[in-house]
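Engineer: Below is one structure. I have some questions about it.
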Amino acid sequence: MPIELLIESDRSVYFVEVNVKPRHGDVGNLLSKLDIVKRCYPEKEVIGILAGVWIGREVENYAKEKGYQSTSARAITRN
């Protein structure tokens, strides 16, 4: 099970999956991995994050049905 990004703070664990264009299966994969991470950190709140460049409306709605919140973010890059 590859982990893309795991951040641990005093109270929380953030588990991040990154895909350019997430699909329904990516939401399911994240849920499966979150179950494992939650067992490893039972004393902390585990927050799953699925990040992508293009997240289609169907995938966004599916993720919301599974309990995820939708946010948008902008990045500033420098070459």
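The values are calculated or read from the model by the stated rules, or taken from the named source; none is laboratory data. On a predicted model such as this, the values are computed, not experimentally measured, just so you know. Using ideal geometry, Cβ is built from the backbone for each residue, glycine included, and neighbour counts are taken over all protein chains shown.
Engineer: Of the residues in region 47-56, how many are surrounded by 16 or more Cβ atoms within 10 Å (Cβ to Cβ) and in a loop (DSSP other than H, G, I, E, B)?
Structural biologist: Qualifying residue count, region 47-56: 2.
Engineer: I'm checking my understanding of the structure. Among residues of region 1-46 that are part of a helix (DSSP H, G or I) and among the β-branched types (Val, Ile, Thr), which one is modelled with the lowest pLDDT?
Structural biologist: My answer is VAL27.
Engineer: Can you confirm whether VAL59 is under 18 Å from THR71 (Cα atoms), among the aliphatic types (A, V, I, L, M), in a helix (DSSP H, G or I) and in contact with a Lys or Arg (Cβ under 9 Å, 6 or more places away or on another chain)?
Structural biologist: In short, yes.
Engineer: What number of residues within region 1-27 satisfy the criterion of being in contact with a Lys or Arg (Cβ under 8 Å, 6 or more places away or on another chain) and surrounded by 11 or more Cβ atoms within 10 Å (Cβ to Cβ)?
Structural biologist: 7
Engineer: Does region 36-46 include one or more residues that are exposed (fewer than 15 other Cβ atoms within 10 Å of the Cβ), within 13 Å of the chain's Cα centre (by Cα) and free of Cβ contacts under 8 Å to residues at least 60 places away in the same chain?
Structural biologist: No, region 36-46 has no match at all.
Engineer: Looking at region 20-32, which of its residues are farther than 17 Å from GLN69 by Cβ and under 10 Å from the mean Cα position of the chain (by Cα)?
Structural biologist: ASN29
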